[in-house]
Each structure stands twice: as C-alpha cells, then as structure tokens.
Amino acid sequence: MRRIASALAVLAVCGFAAGSAVADKHGSVKVYWTASGKFGPFNIQGLIPTYPEARDILIPINMWVIDHPKGLVVYDTGNNVAISDGNCASHWAQGNCDFLMPSQTRGDVIDQQLEKLGYSTSDVKVVITSHSHLDHIGNIEMFPDAIHVIQKRELYQAWWPEKFQRPSGAHVVGDYDEAREFNYHAIDGDMDLFGDGTVMILSTPGHTLGHQSVRLELANTGTVVLSQDAIWMEENLEGHPAGLNYSILDYFDSVNRLKMMADIQNGQLWFGHSIRQYDSMGENWYD
Ligand SMILES: [Zn+2]
Ligand SMILES: [Zn+2]
C-alpha cells in the first residue's frame, strides 16, 4: 500500500513538473504590438494594383517587442527617427514623402516605445529585421549592441537593390550605412531563435530577396504568425498581390506557406500593414 502511495506521489510530482515546464516555456513569452506611426491616406490601388475598387486607406507601420525568458527581441524598427514630426524629406526622397505621407511622431519611434514599456534600447538582445525597406529597417542603428538576425540574401538586397526598387527610394542606405560592423547573424532559411519553438523565424522571400516572417507560440493566445510584408493585409489573401515584388512566384509561395501554416495550427495571421487589425488589436500585450 505504501508502495502504491509513493508511486502515486511520484506521478503527481512528475505531472506537476511537466505542467510547470510547459508553463515556463510558453507562459513567460509575450509580445507587444506597436507601430512606427502610419502611412496614408492613399488609394489602396497604389499598393495593390489589381484591387478592383479604389478606396483610401491608412496603414500602420507594425513593430513587435517580444519578451522571452532568454532575452528581449525587437522585430522590425520602423521608420527612421529623422522623418518624425513632419521632417520626412530630410531623410527620404520627396516622392516617397508625397506618396506615403508618414505620420510618425517622435514618440512613435522604437526607442520611445521601448521606454513606455519599461525597457531601453540597450536591453534588446536580438533585433530581427523582416527586410530592408525603409519602414522596417529604419532604426537598426539604435541597437549597436544587439545581435541582428537577418537573411543573408537580404543584406545583398539592402546594399544593391534591383533597379526598379532604387528610384522609388524603398531602400534608404542611410538607415544602415553606419551599421555595417554590427553583429549580424546572417541566416539562410528558418531559425528556432531560442531553441524552444516559441520564436520561429521563417524564410518568406518574394516581396524582397530575403524577406523573413516570425511565428510565435504563446500560452494563451496560441500560434501567431507575424507576416510583416510577406502579406500586407487581408486583400492580399483574395488573390491580389502586392505591387512591389522581387519575385511574384516566390511571393505567392510565401503567402501560401504562412496562410496554410496558420490554418493547420489553428493560429492567427497578423499582417504587416492592416489598419483593421491594428485598430482592434494594436497597442496591447499578448501572452
Ligand atoms: Zn516592404
Ligand atoms: Zn512595409
């Protein structure tokens, strides 16, 4: 009888321990959804040329702060601080300022967003950059001590964009020219960032040569896929591709990869630039 009781006690302890391990793995990972201001209003057909109805939209410039037990992560650093408060043309081509109409204030910039959450830029262990467009890589120079995880091919993309991307100024070399000696973990494909499956970097080329997305496993929210520019917004899931692509074939492969991954895992897709999602879900923590 005593033997049975002790066996039950061992089982109970084991069960408790296993439960705790799961809780530790997921329970302390959380993500904050913020934005480096907005672009617009402009006609959605300026972004998605095949969309059948003209309509003016605003889009948020999404950024994510991921708090993991092994370190703080920023996924994309938004628009360069220099364009804040109406000073767009001091750092961007005038044509981009006229079309995108950024509304970023100084308080929207990633360093101040981190401060509002109780962190500083020096607390950030890892910066993940989805791609090298001006609304995603804008402030990597604020993180000289972080490890920068980026696809190796995206570094090529940043330093020598295709000619069709150059006149538009979608890449602003001044965003990263002083970050050349930073610590880059230049990867080629997917990466399980902390080795526990909670923060998964996914290779999603197409929009640019080396675009990457992120999948999170959260204890309460579940599986969340942060597409960034692999999928701008809901309309792109209706078969209307983004108007700016390195490769339309790779783009569709990446859209399908993320959509099916989220569907199979009963997860959510959080898009790169959806105002509907941001208005209902932005400026919140998710765990
Ligand atoms: Zn982009
Ligand atoms: Zn973008």
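The values are calculated or read from the model by the stated rules, or taken from the named source; none is laboratory data. Quick caveat, the model's predicted, so the values are computed rather than measured. Glycine also receives a Cβ, built like all others from the backbone with ideal geometry; neighbour counts cover every protein chain displayed.
Listing for the model above:
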read-out	value
The stretch 129-180, residues that are assigned to a loop (DSSP other than H, G, I, E, B), in contact (Cβ under 8 Å) with a residue 12 or more places away in the chain and either more than 24 Å from Phe99 (Cα to Cα) or hydroxyl-bearing (Ser, Thr, Tyr) (or both)	Thr129, Ser130, Ser132, Phe143, Pro144, Asp145, Ala146, Ser168, Tyr176, Glu178, Ala179
Subset of the stretch 181-192 [assigned to a loop (DSSP other than H, G, I, E, B) and either among the hydrophobic types (A, V, I, L, M, F, W, C) or under 17 Å from the mean Cα position of the chain (by Cα) (or both)]	Phe182, Gly189, Asp190
Residue within the stretch 233-242 that is more than 16 Å from Gln157 (Cβ to Cβ), within 14 Å of the chain's Cα centre (by Cα) and crowded, with 18+ Cβ neighbours inside 10 Å present	yes
Enumeration of residues in the stretch 123-150 that are within 16 Å of ligand 1 (Cβ to nearest atom) and either surrounded by fewer than 24 Cβ atoms within 10 Å (Cβ to Cβ) or not small (Gly, Ala, Ser) (or both)	Ile128, Thr129, His131, His133, Leu134, Asp135, His136, Ile137, Asn139, Ile140, Ile150
Any pair with Cβ under 6 angstrom, 6 or more apart, that starts in the stretch 192-221 at a residue that is free of Cβ contacts under 8 Å to residues at least 12 places away in the same chain and ends at one that is surrounded by 21 or more Cβ atoms within 10 Å (Cβ to Cβ) and assigned to a loop (DSSP other than H, G, I, E, B)	none
Output for the stretch 213-245, where each listed residue is within 17 Å of Trp64 (Cβ to Cβ) and within 13 Å of ligand 2 (Cβ to nearest atom)	Ser213, Leu226, Ser227, Gln228, Asp229, Ala230, Ile231, Trp232, Met233
Given (1) assigned to a loop (DSSP other than H, G, I, E, B); (2) at pLDDT 95 or above; (3) away from ligand 1 (no atom under 15 Å from the Cβ); (4) more than 27 Å from Phe194 (Cβ to Cβ), number of the condition Gly107 does not satisfy	(1)
Qualifying position, being at pLDDT below 95, of a type outside the set (A, V, I, L, M) and more than 21 Å from the chain's Cα centre (by Cα), among Asp56, Asp24	Asp24
